[in-house]
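Following: one structure in structure tokens, then a few remarks.
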Amino acid sequence: MEAGLVGNIMEESSLSPVVSNESCRKSHHPETVKTDLVHRLNRIEGQIRGIKGMVDKDVYCDDIITQLSATQSALNSVAKVLLKGHLKGCVVDRLAEGDEEVLDELLVTIQKLMKK
């Protein structure tokens with residue numbers, strides 16, 4: 001995990017979420033999945049606050065890096081859940097409708113995930 005990545009996440013946390021205006025599509029996750037994602041993200045939010053506190057308290061760098069790594073792993077887990085749902089739901093549905101543009105979109109999404 002790159003420490004800079006979580007740093008960027010922390011810096012960007014005050015920015016508005018990125019919303020694509022292309023077609024205003026929405027995901028349709030079952031409530032159980034949404035609840036799971038929200039719980040995971042709440043834990044990650046707590047981890048980030050904890051890391052910020054560690055920096056404020058001048059905690060040993062290696063300990064902070066360990067926590068950054070754990071947080072990045074948790075973020076990756078959220079991404080995996082979302083990607084799985086996207087593939088099994090959105091992508092399959094759009095392909096069934098004959099919309100092959102979704103494949104190009106998926107490739108871009110996977111490339112973004114692999115940069116991490």
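The values are calculated or read from the model by the stated rules, or taken from the named source; none is laboratory data. Not measured: the values here are computed from a predicted model. Note: ideal-geometry Cβ built from the backbone for every residue, glycine included; neighbour counts use all protein chains shown.
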Check whether at least one residue in region 82-93 is in a helix (DSSP H, G or I), of a type outside the set (A, V, I, L, M, F, W, C) and more than 25 Å from Lys115 (Cβ to Cβ), and report yes or no.
-> yes
Taking first residues from region 24-53 that are at positive phi and at pLDDT below 95 and second residues anywhere that are of a type in the set (Lys, Arg) and loosely packed, with under 11 Cβ neighbours inside 10 Å, the pairs with Cβ under 9 Å that are 6 or more apart or on different chains are none
Outside any loop (DSSP other than H, G, I, E, B), within 12 Å of the chain's Cα centre (by Cα) and surrounded by 14 or more Cβ atoms within 10 Å (Cβ to Cβ), is that true of Val33?
-> no
When the residues of region 67-101 are filtered to those that are surrounded by 14 or more Cβ atoms within 10 Å (Cβ to Cβ) and of a type in the set (Val, Ile, Thr), which remaining residue is nearest to Pro30 (Cα to Cα)?
-> Val81
Among the residues listed as Asp63, Asp58, the single one being without any contact (Cβ under 8 Å) to a residue 12 or more places away in the chain and in a helix (DSSP H, G or I) | Asp63
Could you figure out which of (1) exposed (fewer than 13 other Cβ atoms within 10 Å of the Cβ); (2) under 21 Å from Lys26 (Cβ atoms) isn't true of Gln111?
-> (2)
